[in-house]
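Step one of this worksheet: look at the structure below.
The values are calculated or read from the model by the stated rules, or taken from the named source; none is laboratory data. Worth saying up front: this structure is predicted, and the values here are computed from it rather than measured. A quick note on method: Cβ atoms are made from the backbone with ideal geometry, for glycine too, and the neighbour counts reach across all protein chains shown.
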Amino acid sequence: MAAFPSTVRSKNKLVLWIDRRLPLFSFAQDAMMDYPEPRNLNYWWNFGALAGIVLVIMIVSGVFLAMNYTPHADMAFNSVERIMRDVDYGWLIRYIHMNGASFFFIIVYIHLFRGMYYGSYKEPRELLWMLGVVILLLMMATAFFGYVLPWGQMSFWGATVITNLFSVIPVVGKTVLTWLLGGYAVGNPTLNRFFSLHYLLPFIIVGVVMLHLIALRQAGSNNPLGIAVKGPQDELPFHPYQTMKDMFVLGVFLVVYALFVFYAPNLMGEAANYIPANPLQTPPEIVPEWYLLPFYAILRSVPDILFIPAKLAGVICLFGSIFILFLLPWLDTSKVRSLRYRPWMQLFFFVFVVDCLALGWVGAHKPEGPVILVGQIATA
């Protein structure tokens, strides 16, 4: 059978020969160069591509860290110290990975709020939006498993508190908890399980991201006006217009990222995690990483509800706060996509953003005094 003709614009004979047999270059040209984008996209639309680049940085740095990490309760903490002190540029790789997690969540949260503001969850992008929420859930699980790996005080006790949430699930809760821990308490089997899951989940995230991109290609990009494009007069090719904006945003991001990595690498971390895990000494305050603080605040703020104890009610509200995002395309019945033309919804949107920040503040403080009241109001 004769080879199919290549559609790639190249005079390189090797490129043409490969593309006739395996159309990688044609696919790249179609997906990343000729793909039409609305001409009125602003810089908020660059955070999706930036999230993909940070995901690659996280996977590559994580693979190098895994080469020198020992997933054993007696050696994990010392292996991390060895990476920092003895492995060539180990300190740099670890700081890139550690701060990359925080920046990954910042970028994804901005991407999520942008989608909410401009109505990117509305028809025909419902599945695209739901896949994005699945990515967020996988990110939260991956970040939690990774937070446990240094096996410091906050890692150990954070794992103890969060895993115990599964015990409130009716009927199967204790069985699930025992399977997750590999026993009846957080220990060496738990660390092995978390290391395996932390290494595996980023590749699952890559798979879901691919589905996300396929759904985006099928539905097309939304735009600030929320109005469907009518034809070539409303569109521009992805390259060079969108790629140049992506490169500019990437350059700005890398400058800020480098400032944190080199000058303030522990600013978004927890000092207690530089103390080896001690099962016999509970830290004065147990807090998760900052990007999980709003959910932690919800968990702590919910009181007993009728016959449902506070712990179970908190877990229900915690997962409900994420599950409701799946229903957003059907909860918002307005025919107008963009909040630019919906002033009342703009008000509710910014109240919601402030509410999320308030929950983050509540999660970072002890549940006493006005913190309790603010947490309950913000949770409601």
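Against the condition crowded, with 20+ Cβ neighbours inside 10 Å and not in a helix (DSSP H, G or I), how does Ser155 come out, does it pass? If you could, list the steps in order and put the result at the bottom.
On the way: crowded, with 20+ Cβ neighbours inside 10 Å: yes; not in a helix (DSSP H, G or I): no.
No, not satisfied.
State whether one or more residues within region 306-321 are among the hydroxyl-bearing types (Ser, Thr, Tyr), closer than 25 Å to Ala101 by Cβ and either in contact (Cβ under 8 Å) with a residue 40 or more places away in the chain or in a helix (DSSP H, G or I) (or both).
Yes, that holds for at least one residue.
May I ask you to say which residue of Leu197, Leu180, Leu191, Leu165 is surrounded by 14 or more Cβ atoms within 10 Å (Cβ to Cβ), modelled with pLDDT of 90 or more and closer than 18 Å to Leu292 by Cβ? Explain how you work it out, then say what you get.
Values: Leu180 fails: modelled with pLDDT of 90 or more; Leu191 fails: closer than 18 Å to Leu292 by Cβ; Leu165 fails: modelled with pLDDT of 90 or more.
Only one candidate qualifies: Leu197.
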(Q) Looking at (1) within 25 Å of Glu285 (Cα to Cα); (2) surrounded by 17 or more Cβ atoms within 10 Å (Cβ to Cβ); (3) of a type outside the set (Val, Ile, Thr), which one does Arg125 not meet, given that it meets all the others? (A) (1)
Q.
Quick check on my filter: what residues within region 263-279 are under 23 Å from the mean Cα position of the chain (by Cα) and in contact (Cβ under 8 Å) with a residue 60 or more places away in the chain?
A. Pro265, Met268, Gly269, Glu270, Asn273
(Q) Checking Leu236 against (1) under 25 Å from Lys335 (Cα atoms); (2) surrounded by 14 or more Cβ atoms within 10 Å (Cβ to Cβ): exactly one of these is not met. Which one? (A) (1)
**Q.** Which listed residue is among the hydrophobic types (A, V, I, L, M, F, W, C), over 16 Å from the mean Cα position of the chain (by Cα), exposed (fewer than 14 other Cβ atoms within 10 Å of the Cβ) and assigned to a helix (DSSP H, G or I), from Trp91, Trp17, Trp45
**A.** Trp17
Q: Collect the residues in region 129-174 that are touching a Pro at 6+ places or on another chain (Cβ under 7 Å), farther than 19 Å from Arg300 by Cβ and among the small types (Gly, Ala, Ser), keeping them in residue-number order.
A: Gly152
Q: Please enumerate the residues belonging to region 260-273 that are part of a helix (DSSP H, G or I) and either buried (at least 16 other Cβ atoms within 10 Å of the Cβ) or polar (S, T, N, Q) (or both).
A: Phe260, Val261, Ala272, Asn273
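Let's see how each residue does on (1) in a helix (DSSP H, G or I); (2) among the aliphatic types (A, V, I, L, M):
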site	(1), (2)
Ala51	yes, yes
Leu55	yes, yes
Val60	yes, yes
Phe64	yes, no
His72	no, no
Glu81	yes, no
Q. Condition test on Val353, is it assigned to a helix (DSSP H, G or I), in contact (Cβ under 8 Å) with a residue 40 or more places away in the chain and more than 30 Å from Phe166 (Cβ to Cβ)?
A. yes
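Scan region 325-339 and give yes if some residue there is closer than 19 Å to Ser155 by Cα and touching a helix residue (DSSP H, G or I) at 6+ places or on another chain (Cβ under 7 Å), otherwise no. Let's see the steps before the verdict.
Applying the first criterion (closer than 19 Å to Ser155 by Cα) to region 325-339 yields none.
No, there is no match, as no residue in region 325-339 is closer than 19 Å to Ser155 by Cα and touching a helix residue (DSSP H, G or I) at 6+ places or on another chain (Cβ under 7 Å).
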Q: Considering every residue within region 127-135, establish whether at least one is modelled with pLDDT of 95 or more, of a type outside the set (A, V, I, L, M) and out of contact with any Cys (no Cβ under 7 Å at 6 or more places or on another chain).
A: yes
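Would you confirm whether or not region 65-79 contains a residue that is without any contact (Cβ under 8 Å) to a residue 24 or more places away in the chain and within 26 Å of Val209 (Cα to Cα)? Show your work before the answer.
At the first step, the residues of region 65-79 found to be without any contact (Cβ under 8 Å) to a residue 24 or more places away in the chain are 67-68, 70, 75, 78-79.
This time we only want the ones that are within 26 Å of Val209 (Cα to Cα), so: 67.
There is at least one residue in region 65-79 that is without any contact (Cβ under 8 Å) to a residue 24 or more places away in the chain and within 26 Å of Val209 (Cα to Cα).
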